[in-house]
Amino acid sequence: MGEPPTDDALVIQESLERPEIFARLYDRHAAEIHRYVMRRLGDSHADDITAQTFLIAFRNRARYDVARASARPWLYGIAGNLIGSHRRSEVRALRALARTGVDSVAESWSERADERVTAEASQQALAGAIAALPGKDRHVLLLVAWADLTYQECADALGVPVGTVRSRLNRARRKMRKALGADPTLVSDHNGAVTHG
Amino acid sequence: MDDMTKLHEWRADAPTPDRARLVPGRQKLLGAAQQGSARKVRLDWRVTAAGGAATVITIAVMVAMLVGGGGPERGVQPAGPDLTSATALLRQAAEVVSQQPDLHPRDGQWVYLKTAQCRSGASDAAPDAKPEVSEEWVQYDSPVREDDKDGDTEPSQRRLYRLLASLPDDPAEIRKQAADMFPMGKDTGLTREQVETFALLATLDEAYPVHPQGMAKLYRALAADPGIEVVPHLVKDPMGHDAIAIYPDLGSKAVQRREYLLDPDTFQYQGTQSVAVRDYEEKYEDGSSAGRSYKKGEVTFCEMKMTQSLVDRDGEKP
């Protein structure tokens, strides 16, 4: 038996013969998926959704497109769908933050149980704007901003064309900018270039 | 500071889990892997489909929970409603709801929704927490929910109102139109009849404001559906009120069923609950425990619509 493969696609391919090697994918990516779920829904959902994400991925590994070296987009796509089933909870927390300034999601990981995590005014505005987005726009926005996926990776994660990712992101960012009191038509590309959206 | 930078910084202190915290999830994965093949978690198939809309997920979760067989013994004696059969009950309901006033919603209005949600075992810390009450406002003519280009399949409240208002009398055509409103995609493993039944129930669950004659037609379509049953006695909803419970019957294998609750006087839709129909422990298919067990009659999930009302502005209370 040689060295374990370093490429996610190769791990997945090999796991069809040696299922236990799939755990290598867990070791590589579970922590960041866990943190992403934590950031969106809070502490109470992170363990469960992370575990489910990898079980679902394992179950569907035979359908993985091995031309894609990194499994991150695929895993974030599965996690995103699981997060989506908690849409009401997520939106409720965002709306509460927008209204009260108390971030119950951030409180869930704070050191002290009685600690109040209060947000800046700009974060309240952001939360209100994000709460008002349709689920798919919210997924794109947060995959780019919090999971650091590229547009192409985001498209792979959601199974949509990259143009759709761009349009959803532009729409979401216009609403964010409007909420922040900036010119909503002025949308800088995520890489820094500034264009009118 | 631009919008994306602000977003990057928000909740950036979310911790990365330590290795110990990730161990149980890894063990579950290895448990599945050691069986040598893919193991189906007791989860819905749809979560693997990229970009499934929340509404569709709701329907699909329901599929996993459906069950036939005898109802849990939570009953009280029936009052006015005819609970001898789903057909009789839903025809009676159609007559009553057709007499209710039309709210004549206007573009620009919002739907105020106060809900109570419960999830048994949702948290190890509070396994039997009381229903959690929340408020939200939904734009009646939400343009994003009416944008067909981005593939979002969640209909606006206006589309649902218009659907009800334009329904024909033919139950078969009503089923088809409901299924068009709530597409479930391909390879669901469900029959066309089942997909249409879920679409009727999704319409019942999602539609507000309600067009009275349209809702009556929806009830008649449900009355004509042999897959719909009624619990032959009133049940208690999670808030402690009497309710009529109708449910889709998919056979005797499932361990829960999803009940759609109607007010016994007005027959208006009140919300939904999932009820365990026998004692069981949730397991992965490799036999390992998912850590949750349920008793017969236990409500494992609910979403009750405590108040629904049209208001003129986002954030306005009725």
Can you work out ³J(HN,Hα) from phi for every residue in segment B:10-23, in order, using Karplus 6.51 cos²θ - 1.76 cosθ + 1.60 and θ = phi - 60°, giving whole Hz and x for Gly and Pro?
-> 5, 6, 5, 8, 4, x, 7, x, 7, 4, 4, 5, 8, 4
Quick one: which residues, 5 or more positions from B:Glu229 or on another chain, have an amide H under 5 Å from its amide H? H modelled 1.01 Å from N in the peptide plane, none for Pro or chain starts.
-> B:Tyr247, B:Asp249
Considering only protein heavy atoms, what is the solvent-accessible area of B:Val210 at a probe of 1.4 Å, reported in Å² to the nearest 10?
-> 40
For segment A:51-63, in order, what is each residue's ³J(HN,Hα) by Karplus, 6.51 cos²θ - 1.76 cosθ + 1.60 with θ = phi - 60°, in whole Hz (x at glycine and Pro)?
-> 4, 5, 4, 6, 5, 5, 4, 4, 5, 9, 5, 5, 9
Between their Cα atoms, which of B:Lys114/B:Lys253; A:Lys136/A:Lys178; A:Lys175/B:Lys28 are more than 30 Å away from each other?
-> B:Lys114/B:Lys253; A:Lys175/B:Lys28
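The values are calculated or read from the model by the stated rules, or taken from the named source; none is laboratory data. Remember, predicted model here, so these are calculated numbers, not experimental data. The protein model used for the area step is the full one, side chains on, heavy atoms only, and it has no ligands, DNA or RNA in it. Shrake-Rupley method; radii C 1.70, N 1.55, O 1.52, S 1.80 Å.
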